[in-house]
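These notes concern the structure reproduced below.
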Amino acid sequence: MGSYREQGIVLRSYKLGETDRIVHLLGQRHGKVRAVAKGVRRPGSRFGGRLETFSHVDLQLYEGRNLDMITQADLIASHAEVRTDFAASAAGSVMVELVDAVAQEGEHDHALFLLLRAGLQALDAGPDDPAVFVDAFLLRAAGALGFRAFTDACAVCRRTGRHAFLSVKAGGTLCPDCAPTGTRAVDAEVVDVVALLAAAGEWASLPGSARERPQAHRTAASYVRAFVEHHLDRQLRSYPSVPRA
């Protein structure tokens, strides 16, 4: 046992005893970390306010048998704007809920860490419709975990091209030969929106696309939720609370 440093994003915390908290973080090097922050609920705590949900922190921790111990916390980015705006907070809650569910303790996942950091930074900018960032985050997180949504080829036979049939179970678009009988085609704009949501690193164009193609984004959002819940086998309890334009 010994001490170590870690940068992490606070996913959630809950009370322990009268003055302590258990904090779940996504660490940049150690994956998910569960640690005790002693005395943080006392008035005048040295770092209680630095361990709020969504905060990006630099920590000194001490390894414990079951839970590690936070001995120092320095704030890198508070993401306070996300906490104070209802729509942004609801959107951020979906992001951290998913990460808390799928991240593994002791397993390094740098891609997931960077994705969560980028998602929170996007919400920090105060977008008019934070929901579009939720949909992008979910689809990209699924891709980072090995469940890519195919939009440039058939998800079954891999025939290249934009196909008109969209399947949750198969994992993306299907060509006419692979689409089961009775499968309904979707508008080409819906496939374009799903492709945009899944595009790694593309955040700035999302609000404009949602304004220009609202119906396509609504249909794509329904697909994204069903896709993620099916392939990651997780029910997103906080998803319905996200306001939608």
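The values are calculated or read from the model by the stated rules, or taken from the named source; none is laboratory data. Keep in mind the model is a prediction, meaning the values are calculated, not measured. Don't worry about glycine lacking a Cβ; one is built from the backbone with ideal geometry, like all the others, and counts go over all protein chains shown.
Here are some notes:
- Residue satisfying all of: in segment 81-110; in contact with a Ser or Thr (Cβ under 8 Å, 6 or more places away or on another chain) and small (Gly, Ala, Ser); surrounded by the most Cβ atoms within 10 Å (Cβ to Cβ) among these: GLY92
- The set of residues from segment 226-241 being within 15 Å of LYS169 (Cα to Cα) and surrounded by fewer than 21 Cβ atoms within 10 Å (Cβ to Cβ) comprises ALA226, GLU229, HIS230, HIS231, LEU232, ASP233, ARG234.
- Selected residue [out of contact with any Ser or Thr (no Cβ under 9 Å at 6 or more places or on another chain), among the small types (Gly, Ala, Ser) and within 19 Å of SER78 (Cα to Cα)] from GLY49, GLY31, GLY27: GLY27
- Conditions (1) in contact (Cβ under 8 Å) with a residue 24 or more places away in the chain; (2) within 30 Å of ASN66 (Cα to Cα): number failed by ASP152: (2)
- Some residue of segment 116-133 being among the charged types (D, E, K, R), buried (at least 22 other Cβ atoms within 10 Å of the Cβ) and at pLDDT 95 or above: no
- Boolean, THR183 is of a type in the set (S, T, N, Q), in contact with a strand residue (DSSP E or B) (Cβ under 7 Å, 6 or more places away or on another chain) and at pLDDT 95 or above: no
- Summed over segment 115-159, residues that are in a helix (DSSP H, G or I), within 10 Å of ALA198 (Cα to Cα) and not aliphatic (A, V, I, L, M) total 4.
- Screening the candidates ASP100, ASP129, ASP109, ASP74 for the property of being farther than 21 Å from GLY31 by Cβ and either assigned by TED's automatic domain parsing to the domain that holds PRO214 or not hydrophobic (A, V, I, L, M, F, W, C) (or both) yields one hit, ASP129.
- Residue match in segment 228-245 (condition: more than 17 Å from the chain's Cα centre (by Cα) and either in a strand (DSSP E or B) or closer than 23 Å to ASP129 by Cα (or both)): yes
- If you go through segment 206-217 and keep only what is closer than 24 Å to LEU120 by Cβ and either in contact with a Phe, Trp or Tyr (Cβ under 6 Å, 6 or more places away or on another chain) or surrounded by 11 or more Cβ atoms within 10 Å (Cβ to Cβ) (or both), you end up with LEU206, PRO207, SER209, ALA210, ARG211, HIS217.
- Of all residues in segment 1-35 being among the β-branched types (Val, Ile, Thr) and surrounded by fewer than 20 Cβ atoms within 10 Å (Cβ to Cβ), the one that is nearest to the chain's Cα centre (by Cα): ILE22
- The single condition from (1) in contact with a Cys (Cβ under 6 Å, 6 or more places away or on another chain); (2) touching a residue at least 24 places away in the same chain (Cβ under 8 Å) that CYS157 fails is (2).
- Number of the exception - LYS169 against (1) over 30 Å from LEU112 (Cβ atoms); (2) basic (Lys, Arg); (3) touching a residue at least 40 places away in the same chain (Cβ under 8 Å): (1)
- Exclusive hit being aliphatic (A, V, I, L, M) and touching a Cys at 6+ places or on another chain (Cβ under 8 Å), set LEU174, LEU206, LEU196, LEU236: LEU174
- Some residue of segment 22-33 being in contact with a helix residue (DSSP H, G or I) (Cβ under 9 Å, 6 or more places away or on another chain) and β-branched (Val, Ile, Thr): yes
- Flag for ASP187 being surrounded by fewer than 16 Cβ atoms within 10 Å (Cβ to Cβ) and over 17 Å from VAL99 (Cα atoms): yes
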